[in-house]
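Written out below as C-alpha cells is the structure these notes cover.
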Amino acid sequence: MGHDDLPALELAFPGPERDRGVSAILSGRKTALTGLLEIYEHAGEAVPVTGQRFSVLDSRGRPACTIEVVDVRVVPMKEIDDDFARAEGRGYSDAAAWRAAHEAFFRSDGVSDYLGRTPVIDDHTLVVAERFRLVESDDPGGS
C-alpha cells in the first residue's frame, strides 16, 4: 500500500514541534501520541483503530514514514500514566510533565483558532491515546 492510499498524519503544527516529533518517530524514541478528542470531532474524523496505518508528514507536507496503530484508547487526561508519557518520545519524565505540555498545546492559539474557542482542559478532558510502531521510514531522496 503506497502513501497515496494511506491517511495522512500531521503532528502538531508545521515547524520545529512537528520536526522534533517526526525525528523522534524515525529514531524509535516516539511510540505513542495523544490527540484531543474534541479536535477529531470538530474535524469530523474517526478515532483511529488498531491496525490502521498512517503516512506521517513532515513540515513541508511530504511523507516521512509510515506508522501502524497497535493500541488506541479514548481516556480522560488523568488516566495518562508515566509509561505512556515517556513513550511519547518528547523527553517527558512523567505524566505530570506530559500533562503540562499537552495542556499548553491544547490551549494554544493554533488549537483555539482551529476550534473557534479555547477548549476546557481538565482531569476529565478526553484524549485519544495511541501507541504505534514504525512500519517504514521514507527515503529522504523522495518517492
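What follows draws every value from the coordinates through simple rules; no lab data is involved. All values reported here derive from a predicted model rather than from experimental measurement. FYI the Cβ positions are ideal-geometry reconstructions off the backbone, even for glycines, and counts take in every protein chain you see.
Here are some notes:
- Loop sites in the stretch 2-101: GluC sites (Glu not before Pro), DSSP, at most 12 other Cβ within 10 Å: E45
- Theoretical FRET efficiency, 1/(1+(r/R0)^6), r = Cβ-Cβ of D109 and A8, R0 22 Å, to 0.05: 0.45
- Value of relative contact order over the chain, rounded to a whole percent, pairs C-alpha under 8 Å and six or more apart: 32
- Annotation note: trypsin sites (Lys or Arg not before Pro) in the stretch 68-143 located in DSSP loop regions with a Cβ neighbour count of at most 11 within 10 Å are R117.
- Cα principal axis extents for the stretch 62-143, largest first, Å: 42, 31, 22
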